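S.K.: Handing you this structure, nothing more for now.
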Amino acid sequence: MESETVAIVDYGMGNLRSVQNAIEHLGGKSVIVASPLELSAYDKIILPGVGAFGQAISCLHQTGLAEALHERRAKGAHILGICLGMQLMCSSSEEEGMHEGLNWFAARVKRFLPNTGLSVPHMGWNGVEFARPDPVLAGLSSGSDAYFVHSYHVHSDEPTDVLASTDYGLRFCSMIQRGNVRGIQFHPEKSQEFGLAIIRNYLEMSC
Amino acid sequence: MLKKRLIAVLILRDGQVVQSVRFKHTNVIHYDAVHAMEAFNKWAVDEIVILNVSRDVASRDKFAEIIERISCHCFVPLAAGGWIDGEDYAQRLLRSGADKLVINTSLADDPELVSRLAMRYGRQCIVASMDVKRDASGLPQIALDRGSRVVDITPEAWACKAVELGAGEILFNSIDHDGARKGYDIESIQKICEAVEVPVIAFGGVFSWSHLVEGINAGSAAVAVANQFHYTEQSTRKAKTYLAEAGVLVRQQGQIHVSV
């Protein structure tokens, strides 16, 4: 497959390798990028992440990567946030205090309510219901299962930004999109064929 | 709705996949763990757990290398464990491509390590593995260090302690049931599922697929199989089909075809 090299943002958190493995498996190319300066060369950028929101957002600011990401977004780069990466794109998070996010989506990151009889974190395979078509969902069926691991979920204040939703005690936003920016709450790199197809669609998008 | 998970466990000794019978590992099933993993990856399994049961501490390096080789082909979550006694090795396994750390003996020997790892990587990353062994009177105890010593505490109390330390999941195994083909230790699993809110993975003793349904009915969020998955082609797919036909909500696979 002919596709552009994808920059995977390294800000000290998360399993970057599995995202890299998935891209490589699909015949794409990726590089791990930790410096804001280097990031400016890429039009496809994946913001992965596992861990705590507060620590992640301060890492992004301290390293200058937040500013570089804002700049790339403004220049039309296709940015894909995965898991915590999606949450970082929201306006705020209530994870261990209140934190401001990158504010690309009018959306808030909230904790799953305890005492609903459901385990937190929400961990395992759950259905992804598409709200509307999108190039990254091309050829895929709504309702397919994807692998989730998270204790906080995204609540979008802009219903049209919601690309897909998932039911876990409540219906939450599991994919979000506005312009050239997308966020995915589940781990496409760990969601077998379904997830790999999403990544392939992303790799094939033209910039 | 969240699906019940079907997990394949690979037991590794010196880099080879071995059969486990009451924690003795004499028969080699696969000489190459990557081949075993590739089959499972194709056959509808929802997650892979890979455990290094070698008694030789020097096996750690080779194990990390295997994780690295395996993870390139693994597009379901991969949990790895064995000899995790420090942050450096934990980090090495994660950097090699593991998504979760399976921790057993350190729960007793270095509980603070477990908490530090949970703080650093999140509880979802920490799977507390507990091996139950019944004493002469049939009372369950917790066995550590590949079954070589026991702690006199009930499985449910141990599970609660693990969750307090930061475990996001419990991998339950029974030394008496391991390789004994009589199904899971349902009694212990039920008590643990009642005691903790985190997902419990039932493991140890599956011979017939109906054992999987028993594990789910006992309250488990996931059912794991090691030996039995290696003996027949498409075994994980057959197990999935059995679960689905028994009314268990499982992930269906195969609607999507990715050409690569």
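Bear in mind these aren't lab numbers, they're just calculated from the coordinates by the rules spelled out. From a predicted model like this one, the values you see are computed outputs, not experimental measurements. Cβ: placed from backbone, ideal geometry, glycine included. Neighbour counts: every protein chain shown.
S.K.: Given B:Lys3/B:Lys191; B:Lys4/B:Lys182; A:Lys29/B:Lys4; A:Lys190/B:Lys240; B:Lys24/B:Lys240, which pairs have Cα atoms separated by over 30 Å? Spell out each step's value before the answer.
M.R.: Values: B:Lys3/B:Lys191 22 Å; B:Lys4/B:Lys182 21 Å; A:Lys29/B:Lys4 34 Å; A:Lys190/B:Lys240 19 Å; B:Lys24/B:Lys240 28 Å.
Long pairs (Cα-Cα over 30 Å): A:Lys29/B:Lys4.
S.K.: Going by C-beta contacts inside 10 Å, put A:Leu84, B:Leu107, B:Leu113 in order with the fewest on the left.
M.R.: Details: A:Leu84 27, B:Leu107 22, B:Leu113 19.
Ascending Cβ contact count within 10 Å gives the list B:Leu113, B:Leu107, A:Leu84.
S.K.: Given only helices, namely DSSP H runs of n ≥ 4 each adding -39500 (n - 2.57), what is the per-residue ellipticity at 222 nm of chain B, to the nearest 500 deg cm²/dmol? Please report the intermediate quantities before stating the final value.
M.R.: Values: 10 runs with 91 residues, N = 260.
-10000 deg cm²/dmol, from helical runs alone.
S.K.: Also: Once you have a ≥ b ≥ c as the square roots of the Cα gyration tensor eigenvalues for the range B:25-105, tell me rounded if a/c is under 1.5, and otherwise prolate or oblate according to whether a/b is larger than b/c.
M.R.: Values: a/c = 1.82, a/b = 1.27, b/c = 1.44.
Taking the square roots of the gyration eigenvalues as a ≥ b ≥ c, the range B:25-105 is oblate.
S.K.: Indicate, rounded to the nearest 5 percent, the antiparallel portion of the DSSP beta bridges found entirely in chain B.
M.R.: Working: 12 of 44 bridges.
Approximately 25 percent, going by the DSSP bridge assignments.
S.K.: Okay, moving on. Sorting A:Leu26, A:Leu203, B:Leu101 on the 10 Å Cβ count, fewest up front, what's the list?
M.R.: Working: A:Leu26 19, A:Leu203 22, B:Leu101 25.
Exposure proxy ranking, most exposed first: A:Leu26, A:Leu203, B:Leu101.
S.K.: Here is a further query. Between B:Glu112 and A:Ser206, what is the FRET efficiency for a Förster distance of 60 Å, r being their Cβ-Cβ separation, to the nearest 0.05?
M.R.: Working: r = 51 Å, r/R0 = 0.85.
Efficiency, rounded to the nearest 0.05: 0.75.
S.K.: Among the DSSP beta bridges whose two residues both lie in the protein assembly as shown, what percent are antiparallel, rounded to the nearest 5?
M.R.: Working: 38 of 87 bridges.
Approximately 45 percent, going by the DSSP bridge assignments.
S.K.: Related question: DSSP loop chymotrypsin sites (Phe, Trp or Tyr not before Pro) in the range B:151-239 with at most 12 other Cβ atoms within 10 Å of their Cβ, which ones? Mind dumping the intermediate values first?
M.R.: Working: sites: B:Trp158, B:Phe172, B:Tyr184, B:Phe203, B:Phe207, B:Trp209, B:Phe229, B:Tyr231; in loops: B:Tyr184, B:Phe203, B:Phe207, B:Trp209, B:Tyr231.
Answer in residue order: B:Tyr231.
S.K.: Between B:Val151 and A:Glu38, what FRET efficiency follows from the Cβ-Cβ distance if R0 is 41 Å, with the result rounded to 0.05? Kindly include the intermediate steps, with their values, before the conclusion.
M.R.: On the way: r = 50 Å, r/R0 = 1.23.
About 0.20, to the nearest 0.05.
S.K.: What does the C-alpha gyration tensor say about the overall shape of the range B:82-121? Classify as rounded when a/c is under 1.5, otherwise prolate if a/b is larger than b/c, or oblate.
M.R.: Values: a/c = 1.98, a/b = 1.48, b/c = 1.34.
In terms of gyration-tensor shape, prolate.
S.K.: Another one. State, to one decimal in nm², a quarter of the convex hull surface area for the C-alpha atoms of the protein assembly as shown, i.e. the direction-averaged projected area. Spell out each step's value before the answer.
M.R.: Details: hull surface 80.5 nm².
For the protein assembly as shown, the mean projected area of the Cα convex hull comes to 20.1 nm².
S.K.: Does a label point 7 Å from the Cα of B:Val34, set along Cα-to-beta-carbon, have any residues of the range A:181-203 with amide nitrogen under 14 Å, and which are they?
M.R.: none
S.K.: Take every Cα pair under 8 Å in the range B:5-245 that's 6+ residues apart, average their separations, divide by the length, and report that relative contact order as a whole percent. The partial results should precede the final answer.
M.R.: Details: 515 pairs, mean separation 43.5, N = 241.
Once divided by the residue count of the range B:5-245, the mean separation gives 18 percent.
S.K.: Starting from the Cα of A:Ser58, step 7 Å toward the Cβ, then list every residue of the range B:106-126 with an amide N under 17 Å from that point.
M.R.: B:119-122
S.K.: Would you please give the FRET efficiency between A:Thr116 and A:Ser92, computed as 1/(1 + (r/R0)^6) with r the Cβ-Cβ distance and R0 = 22 Å, to the nearest 0.05? Working shown, then result.
M.R.: Details: r = 23 Å, r/R0 = 1.03.
Working from the Cβ atoms, E equals 0.45.
S.K.: How big is D for chain B, in µm² s⁻¹ as a whole number, if Stokes-Einstein is applied with the Kirkwood radius of its Cα pairs at 37 °C and 0.692 mPa s?
M.R.: Numbers: Rh = 18.1 Å.
Reported coefficient: 181 µm²/s.
S.K.: Based on C-alpha coordinates, I'd like the Rg and Dmax of the range A:1-131, in Å.
M.R.: Expressed in Å, the Cα Rg and Dmax of the range A:1-131 come to 15.5, 49.
S.K.: In square nanometres, what is one fourth of the surface area of the convex hull spanned by the alpha carbons of the range B:61-197?
M.R.: The Cα convex hull of the range B:61-197, projected and averaged over all directions, gives 8.7 nm².
S.K.: Next question, about the same structure. Hand me the trypsin sites (Lys or Arg not before Pro) from the range B:10-118 located in a DSSP loop with no more than 16 other Cβ atoms within 10 Å, in residue order please. Don't skip to the answer; put the middle values down first.
M.R.: Working: sites: B:Arg13, B:Arg22, B:Lys24, B:Lys42, B:Arg55, B:Arg60, B:Lys62, B:Arg69, B:Arg92, B:Arg95, B:Lys100, B:Arg116; in loops: B:Arg22, B:Arg55.
Passing sites in the range B:10-118 are B:Arg22, B:Arg55.
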